[in-house]
Amino acid sequence: MGANDYRFDRLKVLVVDDNIHMRKLVTTILQAFGVIQIAEVDSAERAWESLREFNHDVVVLDWVMEGMSGLDFIRMVRTNPQAPNPFVPIIMLTGHTSLDHVRQARDAGVNEFIAKPVSVKTMMSRLVAVIEHPRPYVRTTGYFGPCRRRSAINEYQGPERRVENPKQQAAE
Amino acid sequence: MARKQPIELFMPPNMLKAKVGGGGGGLDLAAMERAEAAMEELQSEFGDWIADDVKTLIAARARYAATPGTDSRAALLRAAHDIKGQAPTFNYPLIARVAASLSRMIGELPGGFPLPLNLIDAHVSAIQVIHKNGMQDTNDKIAQALCAELDARVDEVVADASK
């Protein structure tokens, strides 16, 4: 095996899209990557059932679907106490391409974003991103999900500024 | 007195990395080659897939025309949005452009504002013509003029609605 060869055969991936062709396209790419355990569903409601039953490792999710939207599904996964894994990486695959839509997806708690049309390279890069560069998670009164700023934990590489004032540090 | 910490930032254990391994952090080129080959094989089905999507759009248009309302409008938007996202993959970028214009009109007109059926039909007809004639070249002058005209008409309708 090469340095960048992953055991994708160990992954359980959930593909959520109400369009059968897009599901087949994504599934074909994932299977070629070596993913064996792929569940396909055509709605966010079925995705929730599947997630609770099988606790998938990664979710590839459409945004615009009949019934519950992809955004509402993400919020449910991140905040519902019945979610099996609120940290599950979610890759949103959507025809929405504006910056505002990317912001909305980010604010809902998406990990990675793919604007259609989907390509093999983009799918691989986002999959590798959730494996190799997972984001820290943030919990505030109004949000729970991946940190909306990349590399927030690691971005400051200098010395601890408050070490020089241990009294102040203790007070916090 | 301890200050409240309203923001909790933490790094959960990387279970994915533990599961799939890989050390280089780069793209798995062998897997990508396999996927490109699989996509090539799949291309023979793209003609049927875009035909299905166009049929879905026509049906959604008919439904909205017969029973305009929230549900039929949402179904029309979903049909247009799907084509916008998928048509480039199926080698029909011009269809994607027209579908994007239709999606924009439906998305930007306020919910209570009735969608102009004549402009919906202009979009749907354009998509049918492009599909029927197999127009895949984005440099086609006639197609470009048609797309520009549709964009302009949508701009007008959206501007009028916001007055």
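Quick look at the numbers
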read-out	value
Positive dipole terminus of the protein assembly as shown, leading residue within B:Ala161, B:Leu9, B:Ala75 (C-beta point charges)	B:Leu9
Kirkwood-based shape ratio for the protein assembly as shown, expressed as Rg/Rh from alpha carbons	1.03
Top of B:Asn133, B:Asn118, B:Asn14 by mean-square fluctuation, Gaussian network on chain B, Cα under 10 Å	B:Asn14
Efficiency of FRET from Cβ geometry, A:Arg7 and B:Thr70, R₀ 41 Å, rounded to 0.05	0.35
DSSP beta bridge pairing in the protein assembly as shown, given as percent antiparallel to the nearest 5	25 percent
Average partner coverage of B:28-41, which counts Cβ from other chains inside 10 Å	6
Whole-number D in µm² s⁻¹ for region A:8-171, Kirkwood Cα-pair radius fed into Stokes-Einstein, 20 °C, 1.002 mPa s	127 µm²/s
Extended-chain gain in nm, criterion 0.36 nm per residue less alpha-carbon gap, B:Ala30 and B:Asp121	28.2 nm
Extent along principal axes [Cα atoms of chain B; Å; largest to smallest]	60, 58, 29
At least 20 Å along the helix axis (C-alpha) and Kyte average at least 0.5, DSSP helices within chain B	B:93-108, B:117-132
Listed residue pairs exceeding 24 Å between alpha carbons, taken from A:Lys116/B:Lys55; B:Lys141/B:Lys163; A:Lys121/B:Lys141	B:Lys141/B:Lys163; A:Lys121/B:Lys141
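Since every read-out is calculated from the coordinates, none of them should be taken as a lab result. Model, not experiment: these values are computed from the prediction. FYI the Cβ positions are ideal-geometry reconstructions off the backbone, even for glycines, and counts take in every protein chain you see.
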